[in-house]
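To start, the structure itself, in structure tokens.
Read-outs: derived from the displayed coordinates by stated rules, not from any lab. Note that the structure is a prediction, hence the values are computed from the model and not measured. Cβ coordinates were reconstructed from backbone atoms using ideal geometry, including for glycine residues, and neighbour counts include every protein chain displayed.
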Amino acid sequence: MADPDPTVEIIELDDPGDPRLADYRDLRDVELRKHLEAEHGLFLAEGEKVVRRAVEAGYEARSFLMAPRWLDGLSDVLARGDAPVYVLSEAMIEQVTGFHVHRGALASLHRRPLPSVEEVLEGARSVLVLEDLVDHTNVGAVFRSGAALGFDAVLLSPRCADPLYRRSIKVGMGAVFSTPWTRLPDWYDALPALSRRGFTTVALTLGPDSVPIEEAVAGVDRLALVLGSEGHGLSARWEASADRRAIIPMAAGIDSLNVAAASAVACYAAARR
């Protein structure tokens, strides 16, 4: 290990019960984490690349937790602020978090106030709109597909899973840090409101008037691609209030894809419009 930057506060710990590690406890307990993170206005980033992307995106670190071998690779990131760096053995980190941290580094960061819908949509041409996706993995995968295929922003219904939950960030490889996003304050009229802003809302659904996705997005300038929940898909309200309805044509006997896979296919079709 290289000599640490003298401005970085590195604290070697040998007790997984140390109260300074409270931000990192019980990471497998989703409900407990949701309560803790909301109460303290924090979120966690896991892995060297994701931690780096979070800090480079301007999120302020509360602290870092890592095994000694990860200090060198993140030395420039650690030196950006004055957050303490807690160093433990990998075995002790597992005791703290409840699982083996394969990529060896974690950061606890401050959340920011969510921007307005107006701020998120400014200059946007392609937007993803998510209704009630409850699986954090799916939310992260959708963010990743959108970022990879040129979507400019993501809007979430009030009941969507948290894009800043650790698992969502990890699956999305930090796309949530580079993609503007916010929650919609009004669920009922969310799609008509987007139409009034000049977007054509295209809902992925098995509705009777749905057309192939390539046809639905053809000629659309400002597109809002709408995806529904894992179980029941879109609500009747959102399906009916979308400007257009679309399907991904499939072989006989299969009617739909997982929402993460569907988002990738639909984003690819939309990017080629």
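Computed quantities for the displayed model
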quantity	calculated
Most mobile listed residue (G140, G81, G228) in the chain, GNM with C-alpha springs under 10 Å	G81
Per-residue Cβ neighbour rank within 10 angstrom, fewest leading, V8, V259	V8, V259
Relative contact order of the chain, pairs being alpha-carbon contacts under 8 Å that are 6 or more residues apart, as %	18
For region 125-273: relative contact order, % (alpha-carbon pairs under 8 angstrom, 6 or more apart)	29
Square roots of five times the Cα gyration tensor eigenvalues for the chain, Å	39, 18, 16
The chain: most fluctuating residue of A45, A262, A57 per GNM, C-alpha cutoff 10 Å	A57
Loop-located trypsin sites (Lys or Arg not before Pro) in region 135-188 whose Cβ has at most 14 other Cβ within 10 Å (DSSP)	R159
Radius, Kirkwood style, for region 10-110 when every pair of distinct Cα atoms is counted (Å)	13.4
Cβ-based net charge around V50, under 10 Å, with every Lys or Arg adding one and every Asp or Glu removing one	+4
Under-5 Å amide H pairs with A224, H placed in peptide plane, nonlocal only	V127, T200, T201, V202
Amide H within-cut-off set for S63, under 5 Å, with H built and near neighbours excluded	S108
Stretch in the chain that is longest and holds no chymotrypsin sites (Phe, Trp or Tyr not before Pro) that DSSP places in a loop and that have at most 16 other beta carbons within 10 Å	1-98
For region 117-271, convex hull of alpha carbons as volume per residue, Å³	101
Rounded to whole Hz, the Karplus (6.51, -1.76, 1.60) HN-Hα couplings of region 198-210, x for glycine and proline	x, 8, 8, 8, 10, 9, 7, 7, 8, x, x, 9, 6
Charge sum, other residues only, whose C-beta stays under 13 Å from V139's C-beta, Lys/Arg counted +1 and Asp/Glu -1	+1
Within the chain, helix-based [θ] at 222 nm, where runs of 4 or more DSSP H residues each add -39,500 (n - 2.57), nearest 500	-8500 deg cm²/dmol
Region 10-110 - percent relative contact order, Cα under 8 Å, separation 6 or more	45
Residue order, fewest to most beta carbons within 10 Å, for I11, I254, I93, I248	I254, I11, I248, I93
Phi to ³J(HN,Hα) by Karplus 6.51 cos²θ - 1.76 cosθ + 1.60 over region 217-227, Hz, x for Gly, Pro	9, 4, x, 7, 7, 9, 10, 10, 8, 10, 10
Furthest towards positive pole of dipole, A271, V77, V117, structure part the chain, Cβ charges	A271
